[in-house]
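*Asks:* I have a structure here, written as structure tokens, and I will follow up with some questions on it.
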Amino acid sequence: MQKELTFQFKARYFTLGEVTNTTKQIWFVLHGYGQLAEYFIRKFDVIKSPETFVIAPEGLSRFYLQDVTTRNQTGDTKVGATWMTKENRLADIENYLHYLTEIYQKEVPENFTGKVTLLGFSQGAATVSRWAAENQIKFDRLILWAGVFPTDMDFEKVGSILQHKEVLEVYGTKDPFLTDTRLKEMTQLNQRLGLNPKVISFEGQHELNAEVLRKISEGGY
């Protein structure tokens with residue numbers, strides 16, 4: 001018999017900069033499968049400024065990237081994190097949505113009048129989409145980078161929320177995970193949501209691109 005309980009859970013996240021009277025932008029950046037926030041946030045040094053505050057939450061489940069045999073043979077003990085798996089996925093989703101909202105409430109001042117950006121990379125794109133769909137936080141821009149909307153959302157609800165937001169979809173033209181089939185799916189999901197997002201591509205693979213990040217931060221797109 002499966003049972004559940006609720007208990008306090010301690011989790012970490014990382015920040016770049018701080019909120020001051022000069023802060024105009026707050027970015028929440030959600031990493032992809034097998035990454036750690038500590039290293040992922042370094043990719044955003046390119047947008048670091050006195051006017052920008054970056055917050056990188058971390059998936060609540062961590063694991064060794066190599067199996068035990070490989071670790072013993074090579075000494076490679078690198079660890080990554082994930083937002084969810086197929087096992088008990090609804091509980092994982094509920095947990096990370098609560099965690100993300102708690103960070104938001106702690107870090108974003110109630111009187112903040114600047115721009116809030118939600119960015120999800122790869123697996124983080126589905127995560128950040130579900131968070132935006134909760135409609136529990138104020139944000140201005142949603143960026144799906146190397147990822148697409150999850151197919152199990154309430155499309156009518158999410159579409160109505162995102163109609164009044166800036167939505168960007170960014171990907172590398174050589175990304176092995178974004179095949180023609182996947183890109184077609186992305187277009188179909190946008191149509192179901194009634195969205196016409198700004199699509200930005202760059203010459204690269206499954207990765208963040210510093211120049212694109214800089215241009216987005218500076219309003220160049």
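Every read-out reported here was derived from the displayed coordinates using simple, explicitly stated rules and does not represent laboratory data. Computed from a predicted structure; not experimentally measured. All Cβ positions, glycine included, derive from the backbone under ideal geometry; neighbour counts span all protein chains shown.
*Asks:* As an exercise, use a Förster radius of 35 Å and the Cβ-Cβ distance of Thr151 and Leu65 to find the FRET efficiency, rounded to the nearest 0.05.
*Replies:* Once the sixth-power term is evaluated, E becomes 0.80.
*Asks:* Then there is this: Quote the charge dipole size of the stretch 1-115 about the Cα centre in Debye, to the nearest 20; the model charges only the Cβ of Lys and Arg (+1) and of Asp and Glu (-1).
*Replies:* I would put it at about 180 debye.
*Asks:* Most exposed first by the Cβ proxy, i.e. fewest other Cβ within 10 Å, how do Phe9, Phe121 rank?
*Replies:* By the 10 Å Cβ count, ascending: Phe9, Phe121.
*Asks:* Between Thr20 and Gln136, what FRET efficiency comes out of the Förster formula 1/(1 + (r/R0)^6) with R0 = 22 Å and r the beta carbon distance, rounded to 0.05?
*Replies:* Numbers: r = 25 Å, r/R0 = 1.15.
Here the calculated transfer efficiency is 0.30.
*Asks:* Where the only charges are on Cβ atoms (+1 Lys, Arg; -1 Asp, Glu), what is the dipole of the chain about its Cα centre, to the nearest 20 debye?
*Replies:* With Lys and Arg at +1 and Asp and Glu at -1, about 100 debye.
*Asks:* With point charges of +1 on the Cβ of Lys and Arg and -1 on the Cβ of Asp and Glu, referenced to the Cα centre of the stretch 13-217, which listed residue (Leu97, Leu119, Gly80) lies farthest in the positive direction of the dipole?
*Replies:* Of the candidates, Leu119 comes out farthest on the positive side.
*Asks:* Something else: Nearest 5 is fine: what % of DSSP beta bridges in the chain come out antiparallel, could you say?
*Replies:* Here the share of antiparallel DSSP bridges comes out near 30 percent.
*Asks:* Going by C-beta contacts inside 10 Å, put Thr82, Thr181, Thr101 in order with the fewest on the left.
*Replies:* Sorted ascending by nearby Cβ count, the order is Thr181, Thr101, Thr82.
*Asks:* For the stretch 13-217, please report how many Lys pairs fall under 14 Å Cα to Cα, leaving out neighbours fewer than 8 apart on the same chain.
*Replies:* Lysine pairs meeting the criterion: 10.
*Asks:* Looking at the square roots a ≥ b ≥ c of the eigenvalues of the Cα gyration tensor of the stretch 119-221, which shape do they give, rounded for a/c under 1.5, prolate if a/b is larger than b/c, or oblate? The partial results should precede the final answer.
*Replies:* Values: a/c = 1.82, a/b = 1.28, b/c = 1.43.
Oblate, since a/c reaches 1.5 and b/c is not below a/b.
*Asks:* Taking the chain as a Gaussian network, Cα atoms linked when under 10 Å apart, which of Asn72, Asn135, Asn95 shows the biggest mean-square fluctuation?
*Replies:* In this elastic network of the chain, the residue with the biggest mean-square fluctuation among Asn72, Asn135, Asn95 is Asn72.
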